[in-house]
1. Give me a count of the residues in segment 402-420 that are touching a helix residue (DSSP H, G or I) at 6+ places or on another chain (Cβ under 9 Å) and exposed (fewer than 13 other Cβ atoms within 10 Å of the Cβ).
2. Can you list residue pairs whose Cβ atoms sit under 8 Å apart, with the first residue in segment 336-349 being modelled with pLDDT under 90 and the second being among the β-branched types (Val, Ile, Thr)? Count only pairs 6 or more apart in sequence or on different chains.
3. Cβ-Cβ below 6 Å, separation at least six or inter-chain, first residue in segment 152-178 and polar (S, T, N, Q), second open to solvent by 80 Å² or more (accessible area, probe 1.4 Å): which pairs?
4. For segment 9-64, what are the residues that are under 30 Å from Leu189 (Cα atoms) and polar (S, T, N, Q)?
5. Suppose we filter segment 343-359 for residues that are of a type in the set (Asp, Glu), more than 15 Å from Asp243 (Cβ to Cβ) and open to solvent by less than 30 Å² (accessible area, probe 1.4 Å); how many remain?
6. Can you find even one residue in segment 387-408 that is under 17 Å from Thr252 (Cα atoms) and hydrophobic (A, V, I, L, M, F, W, C)?
7. Identify the single condition in (1) under 15 Å from Glu353 (Cα atoms); (2) open to solvent by 10 Å² or more (accessible area, probe 1.4 Å); (3) modelled with pLDDT of 90 or more that Arg223 does not satisfy, given that it satisfies every other one.
8. May I ask you to list the residues in segment 350-380 that are small (Gly, Ala, Ser) and in contact (Cβ under 8 Å) with a residue 24 or more places away in the chain?
Amino acid sequence: MRVLLARSNDLRKDFFNAVHEIFIECQGPLDFEKASKPIVLEGGAAEPVSWEAIFAACKAFRQRESMSDSDFLVLLMSRRNSLNWFSSCDPEGARSIFIHAADWETYIACQAEYPVAFQVAENILQCLMFDTLADGTQFFHDPPIGCVNDMCSWKPDITFKFRTADVCPECQRVISEKAVPQPVIGQLLAIFESLRVRMLFRAPIPCSREDGEFPFPIAITCRKISGTTEPFRKFLMLLDHFDSLVRCTVITGSCIAMSGSVNDFFLTQGLHERPSLGHWVEALRILSQRDRTNVPELPSHLLDRVASVVRKAEDAGIVSLRNERRGHGYCDCNDTTYRDLFYKHVSTINDIENLLRPMYARTKWCYTTSITQPSRGTFMVGIKDLSGDHPDFIERTLELRPTSVAEVPETDSVYVVAPDNGWYTLTPYVLYRICPACGHHRVLVCDGEKYIDPYVGHRVQI
């Protein structure tokens, strides 16, 4: 069964060759060939192509190449089509298919030839299952169920079927009724599976992370970035991660360096009512300028790193970026804008993360659950380790030998534990308690008069 791959005149030849190479790996009755000449589509590069023009060009190409009705012609094209579909078979029933081979980075973080090749195999299967496109569209799953025949009218949903590459029981029934040859089905399933494993959430993400080093509010905002492929959400989550890095460092550093005067610091820096991101960054600047002779837990080299964080944030204009893109104005309808903004600024956030990493390697956030005194001068403190990006926090016991009763921590409080086993309270700036919005235990971080749950995003009054 012949499948002729063709490219439009504006599609790169090296990309076209990369798609064809994928099918060489999965041999079977479907014989994938490359057309020697491109198909010319009239109009400018930015102008969408009508379906009529696409399939007219395919029809003319089939006649010119003397293709039989049983042959498949698959056109890979860079330009958008007038209905903004990812792909389609010829509505008139001919075995001609077009695939939109551009903009895939908007939907999935992998090499673009993988989703394009998946769409090729998917459309061949649909041509074998349905006599007409109208029959197929009445059958396609909407909303998606994780089947190769999901409609994906909400385009980001397409990643669901890419990562399942499954065929639901109802579609299996249709395949059986249509008597699609088993060797063909076996080859298509092998193609789907080979592509599925290449499109999982395993590709390295730009933001670095090492579970256990950072406290939960930082670790979870980092993790969220890798949990979506939508450029707008990815960009907003990058801003959230920066906010979390700055906010948590201000709280950690001030609670260590200022001990009994933290509340005064929050008041003078405007962090007690409705602080903006600019307030938190300015507070970080003031923290970096503290007298370094009386803060052994924040040695000079760490405060130098904090100062570098402020400079990097200012040089990149992160605060202004957040205000303009999230705090004011409307959303841009073009995903490309947010994708470009993400990749422009992710290296800066990554640098900031690495600058702050040594501080959090020296300290640990924990929530005290119990305190016992097995012997004179020795206390055993039961804690939940509030580190890493999983909310099921590890419980352990720490031994404490305080020099005075004042150094004994209280239960049901959040502390940062320093290298010399010094315990500095983060309460009330960080809490671990039931969130009023959802009724679950959450790490809640100060946001002036309210608290933010970085896991779900609730902003609540305690």
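1. Looking only at that region, the number is 1.
2. Note: pairs meeting the criteria are Thr336/Thr106; Arg339/Thr106.
3. That search, which allows pairs on different chains as well, returns Ser153/Asp142.
4. Of everything in segment 9-64, those that are under 30 Å from Leu189 (Cα atoms) and polar (S, T, N, Q) turn out to be Asn17, Gln27, Ser36.
5. Number satisfying all stated conditions: 0.
6. Checking segment 387-408: not a single residue is under 17 Å from Thr252 (Cα atoms) and hydrophobic (A, V, I, L, M, F, W, C).
7. (3)
8. Ala361, Ser370, Gly377
The values are calculated or read from the model by the stated rules, or taken from the named source; none is laboratory data. Nothing here was measured: the structure is a model prediction, and the numbers come from that model. We place every Cβ from the backbone using ideal geometry, glycine too, and count neighbours over all the protein chains shown. Heads up: the accessible areas ignore ligands, DNA and RNA and are worked out on the full protein's heavy atoms, side chains in. Shrake-Rupley method; radii C 1.70, N 1.55, O 1.52, S 1.80 Å.
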